Amino acid sequence: MSYTAIRYEVDDGLATVTLNRPDVHNAMNDAMRRELTDVFTKLVTDDTVKVVVVTGEGDKAFSAGADIREFVDVPTITGFRENRKRLDFRQAMDRCMQPIIAAIRGYAFGGGLEMALACDIRIAGDDAQLGLTEINLAIIPGGGGTQRLPRLVGRGKALEMILTGARLKADEALRIGLVERVVPAAEVKKTAHDFARTIADKAPVALRYAKEAVVKGLELPLADGLRLEGDLSALLRTTEDRLEGAKAFLEKRKPRWSGR
Ligand code: COA
């Protein structure tokens, strides 16, 4: 599939997905949703990619959310079916074993913020503005926002944001745990790529299991989560890379990971 609404680049194990409709602040239309579904579905089974960075083209926006022009085109019943389909690319993101980092400049509203919420780590520029603004259009977040936001910032803060459609500045987003880092706007993409590179240099299987233990564990009762962590730890103790990590430390050299 060739992409028009996004760009997809891979460089030495690091994939970058760029939302690419800068004329409309990278608003998400059907083409973009289809392309994102395709790219993340492929990433689920792509062992060559270690880390994914998601960002928006230009310096104005990560994404201003769903393309509102499509709202007036669609008859109600079709709209209902389309709305169900919109969940797909974020569900494909959920299935990705690779850590996914959002690099956010400017606006991240509605579906744009929901996409950032489906990422594992969010790095924002000091020019970022973030909000689930759907309520202003008489709808609710339909791309996972009502579920992922309270899991990240707590029930009260999530409801405050969703019921008012508030647009938070970067420092406030950092304070409530909506983003993990705030850096000068011009440095966002470089910071995200440097951070991704640091992660990509770790042993591949350990990376996958670390993400799985945290993400799946959060959905489980503590005892089951600890059991999952124990199982994944036991599996990792059988890998060649675990031996290589110890040897490299003792021999005072960089480890050479085999991914086995
Ligand atoms: N869907 C479709 N088009 C959008 C859009 C969206 N979500 N957000 C912005 N655009 C378009 C604008 O219509 C405008 O197009 P035009 O040049 O043909 O008029 C262009 O992008 C630039 O936007 P503009 O509003 O002129 O820029 P701004 O810097 O003054 O304001 C925003 C930017 C993001 C604050 C404002 O566009 C906005 O509030 N957008 C809607 C955000 C939203 O509610 N998202 C949730 C959707 S569920």
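The values are calculated or read from the model by the stated rules, or taken from the named source; none is laboratory data. The structure presented is a predicted model; accordingly, all values stated were derived computationally and were not measured. In this analysis, Cβ positions are derived from the backbone assuming ideal geometry, glycine residues included, and neighbour counts consider all displayed protein chains. In case anyone asks, the SASA skips ligands and DNA or RNA and just uses the protein heavy atoms, side chains included. Shrake-Rupley method; radii C 1.70, N 1.55, O 1.52, S 1.80 Å.
If a residue has to be open to solvent by less than 30 Å² (accessible area, probe 1.4 Å) and outside any loop (DSSP other than H, G, I, E, B) to count, how many in region 170-190 make the cut?
If we filter region 170-190 for residues that are open to solvent by less than 30 Å² (accessible area, probe 1.4 Å), which is where we start, we get 170, 173, 176-179, 183, 185, 188.
Those left that are additionally outside any loop (DSSP other than H, G, I, E, B): 170, 173, 183, 185, 188.
Adding up the residues that qualify gives 5.
Looking only at residues in region 28-66 that are open to solvent by less than 10 Å² (accessible area, probe 1.4 Å) and part of a loop (DSSP other than H, G, I, E, B), which one is farthest from A203 (Cα to Cα)?
G65
List every residue pair whose Cβ atoms lie under 8 Å apart, where the two residues are 6 or more positions apart in sequence or sit on different chains, the first residue falls within region 220-236 and is open to solvent by less than 40 Å² (accessible area, probe 1.4 Å), and the second residue, located anywhere, is hydrophobic (A, V, I, L, M, F, W, C) and not in a helix (DSSP H, G or I).
These pairs meet every condition: L228/L220.
Here is a check on your reading of the model: is S233 part of a helix (DSSP H, G or I) and among the hydroxyl-bearing types (S, T, Y)? It would help to see each step written out before you state the result.
Details: part of a helix (DSSP H, G or I): yes; among the hydroxyl-bearing types (S, T, Y): yes.
Considered against the rule, which asks whether it is part of a helix (DSSP H, G or I) and among the hydroxyl-bearing types (S, T, Y), S233 comes out as yes.
May I ask you to verify whether K252 is out of contact with any strand residue (DSSP E or B) (no Cβ under 7 Å at 6 or more places or on another chain) and on the phi > 0 side of the Ramachandran plot?
Yes: the conditions hold for K252.
Can you tell which of T238, T198 is outside any helix (DSSP H, G or I) and out of contact with any helix residue (DSSP H, G or I) (no Cβ under 9 Å at 6 or more places or on another chain)?
T238
When D201 is evaluated against the numbered criteria (1) more than 19 Å from the chain's Cα centre (by Cα); (2) within 16 Å of the ligand (Cβ to nearest atom), which criterion, by number, is the only one it fails?
(2)
Quick check on my filter: what residues within region 117-145 are away from the ligand (no atom under 13 Å from the Cβ) and either touching a residue at least 60 places away in the same chain (Cβ under 8 Å) or of a type in the set (S, T, Y) (or both)?
C119, D120, I121, I123, A124, G125
If I6 meets every condition in (1) under 16 Å from the mean Cα position of the chain (by Cα); (2) closer than 18 Å to L207 by Cα apart from one, which number is that one?
Just one mismatch for I6, condition (2).
Kindly list the number of the only condition in (1) in contact with a Lys or Arg (Cβ under 9 Å, 6 or more places away or on another chain); (2) farther than 18 Å from R90 by Cβ; (3) within 16 Å of the ligand (Cβ to nearest atom) that fails for D23.
With respect to (1) in contact with a Lys or Arg (Cβ under 9 Å, 6 or more places away or on another chain); (2) farther than 18 Å from R90 by Cβ; (3) within 16 Å of the ligand (Cβ to nearest atom), D23 is out only on (1).
Can you find, within region 72-93, the residue that is surrounded by the fewest Cβ atoms within 10 Å (Cβ to Cβ) among those that are under 30 Å from A185 (Cβ atoms) and modelled with pLDDT of 75 or more?
Only one residue fits best here, namely A92.
Test R208 against the criterion of being within 26 Å of the chain's Cα centre (by Cα) and within 16 Å of the ligand (Cβ to nearest atom), and give yes or no. Explain how you work it out, then say what you get.
Details: within 26 Å of the chain's Cα centre (by Cα): yes; within 16 Å of the ligand (Cβ to nearest atom): no.
Taking the combined requirement at face value, the residue does not satisfy it.
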